[in-house]
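One structure below.
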Amino acid sequence: MKAPLNELQQLVVDAATEKKASDIIVLDLRTRTDLTDYFIICSGRSRVQVQAIADGIQERSYQSPFKVYTVEGYSTGNWIILDLGDLMVHVFHYETRIHYDLERLWGDVPVIAEMSGS
């Protein structure tokens, strides 16, 4: 871990970790875009696991003051985006993550935390 996570980031990281997400990274986009403040990117090894990770994040958010505003890509299970306002979560199937390589596209933003996971 590079810096302490805020409550929302910790909720998402904990939920993703519980579902065995791998290669979790938290990116700080506050100085780069008005779209959102942070990205969390993580991976699953199968469509079912990617969906389970997204489900876990949604379940945790429903039990908290934080809400998931929109979910995109759930049915395919290759790249699911969860919009939590100040935080956007990208849950990738492993191969899809390699293909799109968001870490490279946002390579000049600060990395707040990295966790290898499963």
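No value in this document is a laboratory result; all are computed from the given coordinates. From a predicted model like this one, the values you see are computed outputs, not experimental measurements. Neighbour counts are summed over all protein chains in view; Cβ atoms, including those assigned to glycine, are modelled from backbone coordinates with ideal geometry.
Give me the orientation-averaged projected area of the Cα convex hull of the chain, in nm², one decimal. Please list the in-between numbers first.
On the way: hull surface 26.2 nm².
The directionally averaged projection comes out at 6.5 nm².
In deg cm²/dmol, rounded to 500, what helix-only [θ] at 222 nm does the chain give when every DSSP H run of at least 4 residues adds -39500 (n - 2.57) and the total is split over its residues?
Estimated from H runs of four or more residues: -9500 deg cm²/dmol.
Could you state the number of Å between the C-alpha centres of segment 63-93 and segment 1-58?
9 Å
Can you sort VAL68, VAL12 from fewest to most other Cβ atoms within 10 Å of each residue's own Cβ?
Ascending number of Cβ neighbours within 10 Å: VAL68, VAL12.
Relative contact order for segment 7-117: what percent, with Cα pairs under 8 Å and sequence separation of 6 or more?
Here the relative contact order equals 34 percent.
Based on the Cβ-Cβ distance from TYR94 to ASP14, what FRET efficiency comes out when R0 is 25 Å, to the nearest 0.05?
Step by step, r from the Cβ atoms, then E = 0.75.
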